[in-house]
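Structure record follows, encoded as structure tokens.
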Amino acid sequence: MKNEGVPIVKEGLPFLMVFLVGAFGFWIGGIWPLTLLFLFLTGFSAYFFRNPERLPPIGASLVASPADGKVIFVGNVREPEFLQEEMLKVSIFMSLFDVHVNRVPIDGTVRDMKYHKGRFLAASEDRASEENERNAMLIETARGQKIVLVQVAGLVARRIVCYPSVGAYILKGQRMGLIRFGSRCDMFFPKGTQIVVKKGDKVVGGETILAQLKES
């Protein structure tokens, strides 16, 4: 996967360089207010695109959170993209201050992927899951269990990045992409899955256990 072992993801480097060069130019010109503004933007870009190491939970049935953020929904819904059946859904909202690198939630094979253009409503709104720009991925585990992961753009997000392709075998905890500037991740689990988080919980991408799949 991309961006392994680097402190800032490569997608953030253009922003970092533009703001840094701008700060240098305004400093040369003696325009201190803009120098300070661009130094702040440089620092924020480095902070936003930070890329920490994570240790995924051990256990084939344990599903890790795909993102840092806050759980804003847990419940039964109909999965609309691939399976067209009632599943357990967990939604995670990522604020501007959360790490935005997304992680693979469980070992498995990417069986399908769908990208939808859409609106840019606040990612915390329930309708954002269906109306916003989004990228959905169907993952099948070695036991044949299927889960769905959806990256959803937010109010100011303007690009969803997803590294795996259909047919790829992915490993829990790997970096799988990111969403720029405020967004959410929705996960759909088969019936019988034990959800171990609740609405309002803070989760850490690649580390926090969201659920345990039924082992039988």
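Of all residues in the stretch 102-116, those that are in the same structural domain as residue 208 (by TED's automatic domain parsing) have Cβ atoms under 9 Å from Cβ atoms of residues that are surrounded by fewer than 16 Cβ atoms within 10 Å (Cβ to Cβ) and among the aromatic types (Phe, Trp, Tyr), 6 or more apart or on another chain, in 107/169; 108/169; 109/169; 110/169. One residue stands out among those in the stretch 178-195 that are more than 16 Å from residue 147 (Cα to Cα) and touching a strand residue (DSSP E or B) at 6+ places or on another chain (Cβ under 6 Å): the one that is surrounded by the most Cβ atoms within 10 Å (Cβ to Cβ), which is 183.
Touching a His at 6+ places or on another chain (Cβ under 9 Å) and closer than 20 Å to residue 212 by Cβ: does that describe residue 60? So residue 60 does not fit the description; no. Scanning the stretch 10-25 for residues that are in contact with a Phe, Trp or Tyr (Cβ under 6 Å, 6 or more places away or on another chain) and either over 23 Å from residue 102 (Cα atoms) or of a type in the set (Val, Ile, Thr) (or both) yields 19, 22, 23.
Output the number of residues of the stretch 9-26 satisfying the condition of being in contact (Cβ under 8 Å) with a residue 60 or more places away in the chain and assigned to a helix (DSSP H, G or I).
Residues meeting the conditions: 1.
The values are calculated or read from the model by the stated rules, or taken from the named source; none is laboratory data. All values derive from a computational prediction rather than experimental measurement. No Cβ is skipped: glycine too gets one built from the backbone with ideal geometry, and neighbour counts run over all protein chains shown.
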